[in-house]
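Q: Next up is a structure, given as structure tokens.
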Amino acid sequence: MTTPLSPNPTKWDHEHIKLRLKELLTQLTAIPGVSGFEAPVARYMAGKLRDHADEVVADAMGNVYATKRGSRPGPTLMIAAHSDEIGLIVRNIEPSGFIRFDKVGGMIDPLLPGRMVTVRGHLGVVGVKAGHLQTPKERSEVKPHTDLYIDVGADDAAGVAALGIRIGDPIEQRSDLTFFAGGDRFAGKAVDDRLGCAVLVALFESLAGVDLAGTLVGVVTVQEEVGLRGATTAAFRVNPDLAIALDTMPCGDTPDVSFAKELAVGIGRGPVFQVTSGGAGGKGIIVNPRVRRLLEETATAAGAEYQVTTFPGGNTDAAAIHLVREGIPTGVITLARRYSHSPVEMGDIRDAIGAWQILRELCGRMDKIGGYIAPDII
């Protein structure tokens, strides 16, 4: 489905946006970008956005801002997708050449042994004791990451140094994005949140030649996985009238999760509007009911399916954005993924298409945003 916003409706039909999102996602997930080391992803995003924005700049944190200004008066809408991925970092290099490491973000200990990784562009393997030599207890226990090591094929510390590897270097998971038979579903690393980044690029591309009422600022944030850090400074800089955090989230449509009791969200069922996030006493967000209504009515106008959920188990950049300055009305659009924070995060490209439809429709309705975000208490 296309929206009446496009000056070239045939270009942005369903099949075109699907192919474009698949292309962008494949390219984005292949780029290394562990939290704090997102510059390669930021450069890619800046390059893609520059042709379709009036201005693209970066700040000292590494956030990228793409601004598209309309000729008609209206609000400032900020849409944020984070560029970083979870990973590891070199903690120490033993004389024997084996590398000890720390975690960056929500890496899961049981998924580490026997995995391939990349250290400064070089292949590494998280070592695992030969099954022939493991005791029955060792075969069933989970080793903490502090007991594990990475082998980069060097015989000693000098060999590691010759590869240019130093303490403090980031370590990425190695897992190429692959599409399943049928072409809509995929699995790989860093789907969180390169899928949101892909939607952001496609959104700006589809708005070429479209005049907006107000200003659209697409923000590629950094260090989301380690505390929503980039979003905090980005929201202060932009100070938007309305912000949308565009991210991914876990889902409950696998045999090991109760869909009814734990998380009634599934892949391929449309983007998800989170109405709450975070646990009691911690950082989170309760989305203003007016912002929720805006998103739901926009989705209906766009003809896009959507899901609604509460999510006490995690956060998005929205949890930081809405607390900046005097408070910023903020909504959350997330894309469901299975096997979260693993090298095989799985999603459905149709959910990304739905998010693109909703956001594009929202950009066409920017002159109406004020009625949804104005205080209605007094």
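The values are calculated or read from the model by the stated rules, or taken from the named source; none is laboratory data. Just so we're clear, the structure is a prediction, and the values are computed from it rather than from any experiment. FYI the Cβ positions are ideal-geometry reconstructions off the backbone, even for glycines, and counts take in every protein chain you see.
Q: Kindly evaluate THR334 against the criterion of being within 22 Å of the chain's Cα centre (by Cα), in the same structural domain as THR26 (by TED's automatic domain parsing), crowded, with 22+ Cβ neighbours inside 10 Å and in a loop (DSSP other than H, G, I, E, B).
A: On the way: within 22 Å of the chain's Cα centre (by Cα): yes; in the same structural domain as THR26 (by TED's automatic domain parsing): yes; crowded, with 22+ Cβ neighbours inside 10 Å: yes; in a loop (DSSP other than H, G, I, E, B): no.
Against the criterion (within 22 Å of the chain's Cα centre (by Cα), in the same structural domain as THR26 (by TED's automatic domain parsing), crowded, with 22+ Cβ neighbours inside 10 Å and in a loop (DSSP other than H, G, I, E, B)), THR334 does not qualify.
Q: When you look at ILE79, is it part of a strand (DSSP E or B) and out of contact with any helix residue (DSSP H, G or I) (no Cβ under 9 Å at 6 or more places or on another chain), yes or no?
A: no
Q: Let me ask another. Quick test for you: out of LEU88, LEU28, pick the one residue that is in contact (Cβ under 8 Å) with a residue 12 or more places away in the chain, under 15 Å from the mean Cα position of the chain (by Cα) and not in a loop (DSSP other than H, G, I, E, B).
A: LEU28
Q: What residue, among those in region 303-321 that are of a type outside the set (A, V, I, L, M) and surrounded by 23 or more Cβ atoms within 10 Å (Cβ to Cβ), is nearest to THR76 (Cα to Cα)?
A: So in region 303-321, the residues of a type outside the set (A, V, I, L, M) come out as 303, 305-307, 309-317.
Okay, now just the ones that are also surrounded by 23 or more Cβ atoms within 10 Å (Cβ to Cβ), so 315-317.
On the way: ASN315: 23, THR316: 20, ASP317: 18 Å.
It comes out as ASP317.
Q: Something else about it: Being part of a strand (DSSP E or B) and hydroxyl-bearing (Ser, Thr, Tyr): is that true of THR233 here?
A: So THR233 fails the test.
Q: When the residues of region 275-292 are narrowed to those that are assigned to a loop (DSSP other than H, G, I, E, B) and more than 18 Å from the chain's Cα centre (by Cα), which ends up nearest to LEU263 (Cα to Cα)?
A: Filtering first and then ranking leaves GLY279.
Q: Can I ask one more? Which one is farthest from the chain's Cα centre (by Cα) among residues in region 309-329 that are β-branched (Val, Ile, Thr) and under 27 Å from THR29 (Cα atoms)?
A: Out of the qualifying residues, it is THR309.
Q: Please work out which one of (1) at positive phi; (2) surrounded by fewer than 18 Cβ atoms within 10 Å (Cβ to Cβ) is the condition GLY270 fails and give its number.
A: (2)
Q: Is at least one residue of region 293-309 of a type in the set (Gly, Ala, Ser), out of contact with any Lys or Arg (no Cβ under 6 Å at 6 or more places or on another chain) and either in a strand (DSSP E or B) or free of Cβ contacts under 8 Å to residues at least 24 places away in the same chain (or both)? Talk me through it step by step, then tell me what you get.
A: To start, the set of residues in region 293-309 that are of a type in the set (Gly, Ala, Ser) comprises 299, 301-304.
Within this subset, residues satisfying the condition of being out of contact with any Lys or Arg (no Cβ under 6 Å at 6 or more places or on another chain) are 299, 301-304.
From the residues that got through so far, the ones that are either in a strand (DSSP E or B) or free of Cβ contacts under 8 Å to residues at least 24 places away in the same chain (or both) too are none.
No, that holds for no residue.
Q: Go through region 78-119 residue by residue and tally those that are surrounded by fewer than 18 Cβ atoms within 10 Å (Cβ to Cβ) and more than 30 Å from VAL199 (Cβ to Cβ).
A: Result for region 78-119: 11.
Q: So how many residues does region 310-322 have that are over 10 Å from THR276 (Cα atoms) and either without any contact (Cβ under 8 Å) to a residue 12 or more places away in the chain or of a type outside the set (Gly, Ala, Ser) (or both)?
A: Matching residues across region 310-322 total 4.
Q: With respect to ARG229, determine if the residue is farther than 18 Å from THR334 by Cβ, of a type in the set (Lys, Arg) and touching a residue at least 24 places away in the same chain (Cβ under 8 Å). Before you say what the answer is, go through the steps one by one.
A: On the way: farther than 18 Å from THR334 by Cβ: yes; of a type in the set (Lys, Arg): yes; touching a residue at least 24 places away in the same chain (Cβ under 8 Å): yes.
Spelling it out, ARG229 is indeed farther than 18 Å from THR334 by Cβ, of a type in the set (Lys, Arg) and touching a residue at least 24 places away in the same chain (Cβ under 8 Å).
Q: Okay, next question. Just to verify a result, which residue in region 193-226, among those that are surrounded by fewer than 22 Cβ atoms within 10 Å (Cβ to Cβ) and out of contact with any helix residue (DSSP H, G or I) (no Cβ under 7 Å at 6 or more places or on another chain), is nearest to LYS68 (Cα to Cα)?
A: If we take residues in region 193-226 being surrounded by fewer than 22 Cβ atoms within 10 Å (Cβ to Cβ) and out of contact with any helix residue (DSSP H, G or I) (no Cβ under 7 Å at 6 or more places or on another chain), then THR215 is nearest to LYS68 (Cα to Cα).
Q: Only one of these is more than 18 Å from SER35 (Cβ to Cβ), free of Cβ contacts under 8 Å to residues at least 60 places away in the same chain, more than 28 Å from the chain's Cα centre (by Cα) and part of a loop (DSSP other than H, G, I, E, B): GLY97, GLY153, GLY114. Name it.
A: None of the others qualify; the one that does is GLY153.
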